[in-house]
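These notes are about the structure you will find just below.
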Amino acid sequence: MRTIQQQRAENALDRVNKLNNRGDNFKALYRSYVDSLGPSILMNGLGQALATETAASGPSPSNDREKAHRAVYNSVKQWLCRQDGGVYPSASDLLTAIMKNDQSRYLRAQGEALAWLEWHKKFCRAYLPADDGGGE
């Protein structure tokens, strides 16, 4: 039986590995957005932080910046909405799930997102290029 930390680490690394076929600009932007998501969750709450990611991606992402924001949202969604132990198992829309459930589940989701992000952020820093400031 694997620990929850092992599951988080495996999932976080898998999400980074799925970006291998993307360009360096996208990967650098993604890494930058992952770096800023944790502080955004702590300052504004999980719902607000994810709503910001969704707004930044727009209704139909068309450039690397918008696609990277959408990918960050989808990575968190994929972890929190997974069938095997997710906080919102099988939810098709994470923001809707957050709004339709109680505060205790919200706090659990926020804590779980932050714990998962610690692993994801480390793997992003290890395997993705840094944003040189020219991507925005």
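No value in this document is a laboratory result; all are computed from the given coordinates. As the structure is a computational prediction, the values presented were derived from the model and not from experiment. In this analysis, Cβ positions are derived from the backbone assuming ideal geometry, glycine residues included, and neighbour counts consider all displayed protein chains.
Brief remarks on what is shown
- Three semi-axes of the equivalent ellipsoid, segment 24-127, Cα gyration tensor, whole Å, largest first: 22, 15, 12
- Normalising the average separation of contacting C-alpha pairs (under 8 angstrom, six or more residues apart) by the number of residues puts the relative contact order of the chain at 39 percent.
- Ellipticity estimate at 222 nm from DSSP helix runs (n ≥ 4, -39,500 (n - 2.57)) divided over the chain, nearest 500: -23500 deg cm²/dmol
- Annotation note: trypsin sites (Lys or Arg not before Pro) in segment 1-64 located in DSSP loop regions with a Cβ neighbour count of at most 11 within 10 Å are 2.
- Cross-link partners of residue 18 among lysines, defined as those whose alpha carbon lies under 22 angstrom from its own and excluding same-chain residues fewer than eight positions apart: 27, 67, 77, 121, 122.
- Look at 122, 77 and count the other Cβ atoms within 10 Å of each Cβ; fewest to most, that gives 122, 77.
- Residues in segment 62-101 that a label on residue 10 would reach, taking backbone N under 15 Å of a point 7 Å out along Cα→Cβ: 79, 82-86
- Potential extension, residue 60-residue 93 segment - 0.36 nm per residue separation minus Cα distance: 10.3 nm
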